[in-house]
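Q: This is the structure I want to talk about, given as structure tokens.
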Amino acid sequence: MSNRRHLERTGRQWYRVDLHIHTPASADYAQPDISYLDILRRAAWRGLDIIAFTDHNTVAGYAAMRKEIETLELLGARGRILPEEKQTLQEYRQLLSQVLVLPGFEFTATLGFHILGIFPPNTSIRDLEYVLRRLNVPADQLDAGSTEVGATVDVLTAYRIIHEAGGLVIAAHVNAAHGVALQGFDFGGQTRIAYTQDLHLHALEVTDLESRSPRRTALFFNGSKPGYPRRMHCIQGSDAHCLVRTPDDKSHLGVGDRITEMLLNEPSFEAILEVFQGQDFARTRPYRAAQAPFDHVQAAREQGPNIVQSFYETMARRGGRLHAILCDVCAFANTNGGTIYIGVSANPKAPPVGVESVPESINSLRTEIERHITPPLPVTIDALETSGKTVLRVVVPAGDEPPYAVDESKIYIRNESETVLAVRDEIVALTLRLQRQIAETPASAEPAVEERETAPEISPTAVLVLPPKTGVEILESEERKGVRYYSMRDLRNGDVVHNVTQRSARRLWRYAITQHVKHPVRPEEVHWNGTIGLLRKYKRGGKLRYDLVQRDVDGNIHVYYGVTDEGILGPWRELVDGNQE
């Protein structure tokens, strides 16, 4: 029976699935500056229908994504959402309508064996963490994302606990490092049989699913081997520890680089469970593209340079290419937004040059944009493949704080397919656009009494003045592997976001971190009014902002960065008004 007839008769169809994806919540993630939105974008671009976040011994990555979405939804409901946040929320909703994201983890059992536990999307974070605690992951390690968390439970106990909690149990990369079927590992045959035949185990993840070798893993577990009578569903996953596989490191796969197709009634957790519990082994297969995937870069090249896209074969300083790219970033931000492709020419018939050392190139370009473009601009830089080459794609939004400038003084706009210096009238138009945006942004009303119950506390003993209602506060920081991570509190809603780096931070967070590092608070420089004070005031994008401080009853000083007028109420208003120049 052909696949088409099979689909028509059963109502099923093939879905692309990657059940082994790490996020920056894993301590060994190769690109900690990647966002969860970046991962969803990549999954959608690769045509994936179902993915699972499976960080090492933690669900912090999935929890962080859900928390970000919930925060944006709450801000929207309260009318406090910023334009860029609204755009982010809309993109999350659009991507999550395309890609089902399942929560899970990659658990490290005793002897170092790795096991995937994957759960329905409506499973609460508390329930997932409860499963990890039952697996003996220490409470203080639940957010660490480490591959090593001390003495945990054995493999068979882990299978049972995850299964009884309602999860899919998949032995991870069984034929490779930390796999339960790794050849040459010194443990008895009965143990190996138990580890791969246990009834609580749903499937085996293998790395040689498409191999033609007579020793391939799936062939060994097809039910024909003495002692291994239970035929196992064998699937493959990317085990992605980065967004995109780099040309110079083929061992680390990116999102969707090694996936499984499943014949399902619908893209759901329950449908996958049905396959694993059944005996139809033809309902899973390694994904093989019938034809090359749609080449977005080539399609853009065929359109040619225009008001929203440009092309560069290199980003080298020599020849002024890097400067030209920065000018395009500025111009797109001041016009309608746009996309810059680096590593290809505009000529669609010319072979692409490509970009070497992709992560380093992305970091270098991001640094140059942050250094030369003002005010700060949240561009997205990722990698795409075209004709066997990897190129960079720089997505520039239409800026919400125009005019943007290169090196603080040169203002560019996009004129059809060219980037040009703006003349006086064009600069005036950009300024008027900013004023209209500010006028159209609703002012935050003073919160009701019941809303104040969620306000962050300054001290466990007493709070004489509540914090402002806008801005951010840095709660704590720690250095891990040479990178400093911060915990930030959003004063609009009291939410705390952990593992923020200076590079991954949003604009206000980045400003707060920079001020915190370069200009630590000196009490003698603060304009005090009792226990609260004004540290500095400044304009950003034509909007007056304040850095405010507060001393709690224990003498600790709290700094609130980037507070806007709508967040200044009561005693804070008296403080600010009393320090007007």
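Just so you know, all these numbers are worked out from the coordinates, no wet-lab data involved. Remember, predicted model here, so these are calculated numbers, not experimental data. We place every Cβ from the backbone using ideal geometry, glycine too, and count neighbours over all the protein chains shown.
Q: Return a whole-number percent for the relative contact order of the range 3-286, with Cα pairs under 8 Å and 6 or more residues apart as the contact set. Display every interim value, and only then the final one.
A: Numbers: 543 pairs, mean separation 64.3, N = 284.
Relative contact order comes out at 23 percent.
Q: I've got another one for you. Among the lysines, which fall within straight-line cross-link reach of LYS86, defined as a Cα-Cα distance under 25 Å, with same-chain neighbours fewer than 8 residues apart omitted?
A: Hits, sequence-local ones excluded: LYS67, LYS469, LYS539, LYS543.
Q: Moving on. What is the helix-to-structure angle for 321-334, meaning the angle in degrees between its Cα long axis and the longest Cα principal axis of the chain, kept from 0 to 90 and rounded to the nearest 10?
A: With rounding to tens, the tilt is 70 degrees.
Q: Can you list residues whose amide H is under 5 Å from HIS233's amide H, if they're 5+ apart or on another chain and H is modeled 1.01 Å from N?
A: LEU204
Q: Additional query: Placing unit charges on C-beta atoms (Lys and Arg positive, Asp and Glu negative, everything else neutral), compute the dipole magnitude of the chain about its Cα centre in debye, rounded to 20. Don't skip to the answer; put the middle values down first.
A: Numbers: 66 positive and 75 negative charges, 324 e Å.
Approximately 1560 debye in magnitude.
Q: Note down the magnitude of the dipole of the range 3-286 about its Cα centre, charges +1 on Lys and Arg C-beta and -1 on Asp and Glu C-beta and zero elsewhere, to the nearest 20 debye. Mind showing how you got there, number by number?
A: Working: 30 positive and 35 negative charges, 217 e Å.
Here the range 3-286 has a charge dipole of around 1040 debye.
Q: Right, something else. Helix-only estimate, please: 222 nm mean residue ellipticity of the chain, summing -39500 (n - 2.57) across DSSP H runs of length 4 or more and dividing by its residues, to the nearest 500.
A: Numbers: 15 runs with 167 residues, N = 581.
My calculation for the chain gives -8500 deg cm²/dmol from helical runs alone.
Q: Under a no-solvent Debye model with one identical scatterer per Cα of the range 3-286, what's log10 I(q)/I(0) at q = 0.08, 0.14, 0.16 Å⁻¹?
A: The Debye formula, applied to the Cα set alone, gives -0.33, -1.02, -1.32.
Q: To check you understand DSSP bridge types, tell me what percent of the beta bridges within the chain (both residues inside) are antiparallel, rounded to 5.
A: Numbers: 67 of 87 bridges.
Around 75 percent antiparallel, to the nearest 5.
Q: Got the relative contact order for the range 454-577 handy, in percent, Cα pairs under 8 Å and 6 or more residues apart? Could you put the intermediate results ahead of the total?
A: Numbers: 214 pairs, mean separation 33.0, N = 124.
Result for the range 454-577 is 27 percent.
Q: For the chain, what D do you get in µm² per second when you plug the Kirkwood radius from alpha-carbon pairs into Stokes-Einstein at 20 °C and 1.002 mPa s? Let's see the in-between values first.
A: Details: Rh = 26.5 Å.
Translational D for this selection: 81 µm²/s.
Q: Same structure, new question: In the range 309-374, which GluC sites (Glu not before Pro) are in a loop and have at most 16 other Cβ atoms within 10 Å, using DSSP for the loop call?
A: Within the range 309-374, the qualifying GluC sites (Glu not before Pro) (loop, at most 16 other Cβ atoms within 10 Å) are GLU356.
Q: Oh, and also: If I take every Cα pair under 8 Å that is 6 or more residues apart in the chain, average their sequence separation and divide by the length, what percent do I get for the relative contact order? Walk me through the numbers before you get to the answer.
A: Numbers: 1081 pairs, mean separation 59.1, N = 581.
10 percent.
Q: Over the range 454-577, with a single point scatterer placed on each C-alpha, what log10 of the ratio I(q)/I(0) does the Debye formula yield at q = 0.15, 0.20, 0.23 1/Å?
A: -0.67, -1.20, -1.54
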